[in-house]
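A.B. asks: I have a structure I would like to understand better, so I am pasting it below and will then ask my questions one at a time.
What follows draws every value from the coordinates through simple rules; no lab data is involved. Quick caveat: nothing in here was measured; it's all calculated off a predicted structure. Cβ sites come from the backbone with ideal geometry, for glycine too, and all protein chains shown count toward neighbours.
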Amino acid sequence: MDTATAIQLATVLAGGVTSSVIVQLVKKYIPSDWRLPFSLVLSGVIALLALWLTGSFQSPLNATVITAAVMGVAQTIYAVIAKAYVDLDTTPVTVTTTPTVTPSDSGDAK
């Protein structure tokens, strides 16, 4: 493995981990409907930063691969964390039984 490939691989992994960490840190401030779009946009921005750091803008193939890899790593880590830890901001569901009314309890006694 040459140096350029190693640098690109390290940048992809670092970008994916960084994106996931940022999403997890700010997740409680983002409405649940906006978390997925936010994480995708953040992954895209970090992928652009990875492209700039590795100088891969000159090659469209490298740019596409690095962008997809950063976003893939970030989303995979985010999904693993989401599966491992159930959202802590949800309230527990309580199950209550509803009373049933029988004809003798309805007040229509004759």
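A.B. asks: Kindly rank 12-21, 73-82 from highest to lowest mean number of other beta carbons found within 10 Å of each residue. It would help to have the intermediate numbers written out before the result.
C.D. replies: Details: 12-21: 20.1, 73-82: 16.9.
With the highest mean Cβ count within 10 Å placed first, the list reads 12-21, 73-82.
A.B. asks: Related question: Mind checking the full-extension length gain between Tyr85 and Thr64? Use 0.36 nm per residue of separation minus the Cα-Cα distance, one decimal, nm.
C.D. replies: Net length gain for the segment: 4.4 nm.
A.B. asks: Hey, rough spin-label estimate for Tyr29 and Thr76, points 7 angstrom out along Cα→Cβ, what's it come to in nanometres?
C.D. replies: Using points 7 Å along Cα→Cβ, the separation is 2.9 nm.
A.B. asks: By per-residue mean of other Cβ atoms within 10 Å, what is the highest-first order of 4-10, 63-69?
C.D. replies: 63-69, 4-10
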